[in-house]
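The values are calculated or read from the model by the stated rules, or taken from the named source; none is laboratory data. Quick caveat: nothing in here was measured; it's all calculated off a predicted structure. Because the Cβ atoms are built from the backbone with ideal geometry, glycine has one as well, and the counts that use them run over all protein chains shown. Calculation scope for accessible area: heavy atoms of the full protein, side chains included, ligands and nucleic acids excluded. Shrake-Rupley method; radii C 1.70, N 1.55, O 1.52, S 1.80 Å.
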Amino acid sequence: MQAAIIRSYGSPIEIAEMPKPSPDKNSILVKVQSASINPLDNWAISGALQNVMPVKMPHIIGYDVTGTIVEIGSAVRNFKIGDLIFARPDTNQAGTIAEYTSIKAMDAAIRPSNLSNNECAAFPLVGLTAWQSLVEVGKLQKGQKVLIHAGSGGVGTIAIQIAKYIGAFISTTTSDANFALVKRLGADTVINYKTEKFEELLEDYDLVLDSLGGEVLERSAKVLNKHGLLVSVSVKAKESDTLIERMRQHLQLVYSWPSGATLAELALLLEKGFLKPVIDRVYPMHETQSALDYLNKGRAKGKIVIDVLQGK
Ligand SMILES: NC(=O)c1ccc[n+]([C@@H]2O[C@H](COP(=O)([O-])OP(=O)(O)OC[C@H]3O[C@@H](n4cnc5c(N)ncnc54)[C@H](OP(=O)(O)O)[C@@H]3O)[C@@H](O)[C@H]2O)c1
């Protein structure tokens, strides 16, 4: 099968012939329709995460997928051949930018029936990250005030919609080119991070979702109320032990985790129209390197999708 691979850390993406995976007894084999990319792919490719997340070379990239089940492991009971699923596979089973991928059945869910292939592929990793951060860790409640940084990005565009669904008051940061987008998604207050200081405009917040780390994380503590919580998904947040120690009482670092059960719940919200994936660009598989280069610029409005069937 064809797949987007790297042969060593930092090497460019190649589209190469790889063996078709065979699922173990707890896994499903999926014929991929679409996948999407995340900053995590660029971290993994560069080798920046090799101490915590080493990969075997050659390595197939990708942590998001939708497709059709073509084979099931002997212990899998909750799916059948022909089911259309979406998933954020476990890190050591990743490799979704390929014609086939094998995924643990517990990490997949039947996909929402009202979305396109590309929309389904755009959702799992950012959907789980936003839900786990705001709801499972942040315990966001109706009527509370939440600040969502980078509301126009992959995580931010879904986080705003989840906070809206819950009934929170939402402030978000982005640049002026994305004001209309984040307003349409449900933001109540939009702050231009290039010209305004959010910590001078906001106060008494119950929750902040940070995906930027560094000084943004530090400044974010100033908008919290006495019981407020700062949830950070930024890899950079982990770089400063002193910052983490100083903010210990108010800070939770979140690494999102795969969960087919949560994805199944979120599929209902997608079907009912409370959530809708935002897609910036779609690339065919042979242009995966260009897609990653665009992602690396940090200017994506929503998600970047790889349409694996395009050109087939
Ligand atoms: N821990 C986890 O489990 C987890 C999971 C998912 C993601 N993450 C991390 O979360 C971060 C965001 O991921 P993502 O997929 O949302 O990234 P992304 O889609 O690439 O984010 C791009 C967006 O960020 C906005 N942005 C950039 N700098 C900003 C700033 N200083 N203030 C406000 N907005 C800014 C950009 O808007 P402009 O063009 O207007 O600048 C753009 O729309 C990444 O570092 C990723 O590694 C962690």
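Miscellaneous remarks
- Gaussian network model of the chain, Cα within-10 Å springs - most flexible of Thr96, Thr288, Thr68: Thr68
- Relative contact order (%) - criterion: Cα under 8 Å, at least six apart; region: the chain: 20 percent
- The 3J(HN,Hα) values that the Karplus relation (6.51, -1.76, 1.60; θ = phi - 60°) gives for the stretch 295-306 are, in residue order, 4, 4, 5, x, 10, 4, 9, x, 10, 10, 10, 10 Hz. Gly and Pro appear as x.
- Axis angle, to the nearest 10 degrees, between helix 154-166 and the longest C-alpha principal axis of the chain: 60 degrees.
- Theoretical gain in end-to-end length, Tyr255 to Thr91 [0.36 nm per residue, Cα-Cα removed]: 57.9 nm
- Expressed as a whole percent, the accessible area of the chain that falls on carbon and sulfur atoms is 51 (1.4 Å probe).
- If R0 is taken as 25 Å, the Cβ-Cβ distance between Met1 and Arg299 corresponds to a FRET efficiency of 0.20.
- Inter-label distance, Tyr9 to Arg219: 3.2 nm, where each label sits 7 Å from its Cα along the C-beta direction.
- For the stretch 15-26, Karplus couplings with θ = phi - 60° (6.51, -1.76, 1.60), whole Hz, Gly/Pro x: 9, 10, 7, 10, x, 5, x, 10, x, 7, 5, 9
- Paramagnetic label zone (point 7 Å from Cα along Cα-to-C-beta, Asp204; backbone N under 19 Å) in the stretch 178-194: 188-190
- Calculated [222 nm] ellipticity per residue, helices only, for the chain: -7000 deg cm²/dmol; basis is -39500 (n - 2.57) per DSSP H run with n ≥ 4, divided by all residues, nearest 500.
- Between His227 and Arg281, the distance separating the two model label sites (each 7 Å from Cα on the Cα→Cβ line) works out to 4.5 nm.
- Across Val182, Val76, Val231, mean-square fluctuation computed from a Gaussian network of the chain (C-alpha pairs under 10 Å connected) peaks at Val76.
- Taking the average, over residues, of other Cβ atoms within 10 Å as the packing measure, peptides 298-306, 14-22, 121-129 rank 121-129, 298-306, 14-22 from highest down.
- Legend: residue pairs Lys20/Lys56; Lys56/Lys80; Lys139/Lys226, Cα-Cα distance threshold 24 Å; pairs beyond threshold, Lys56/Lys80.
- Solvent-accessible surface of the chain, taken per residue with a 1.4 Å probe and all protein chains present: 44 Å².
- Under 13 Å, Cβ to Cβ, from Gly153 - net charge with Lys/Arg +1 and Asp/Glu -1: +2
- For the chain, built as a Gaussian network whose Cα springs stay under 10 Å, the top-fluctuating residue of Asp210, Asp24, Asp293: Asp293
- Structural descriptor for the stretch 126-253: relative contact order 22 percent, calculated from alpha carbon pairs under 8 angstrom and at least 6 residues apart.
- Kirkwood-type radius of the stretch 126-253, with distances r between different C-alpha atoms, in Å: 14.1 Å
- Fully extending the segment from Lys197 to Asp176, taken as 0.36 nm per residue of separation minus the present Cα-Cα distance, adds 6.2 nm.
- Calculated FRET value between Ser22 and Val52, using beta carbons and R₀ = 22 Å, to 0.05: 0.20
- Tyr100 long-range amide H proximity, modeled H, under 5 Å: Val32
- Note on Ala75 and Ser113: the model spin-label points, each 7 Å out from Cα along the C-beta direction, lie 3.2 nm apart.
- Pair-distance distribution of the chain: all C-alpha pairs, bin width 20 Å, starting at 0; shares per bin in whole percent are 34, 57, 9.
- Low-density loop positions, trypsin sites (Lys or Arg not before Pro), the stretch 89-181 - DSSP coil, at most 12 other Cβ in 10 Å: Lys139, Lys142
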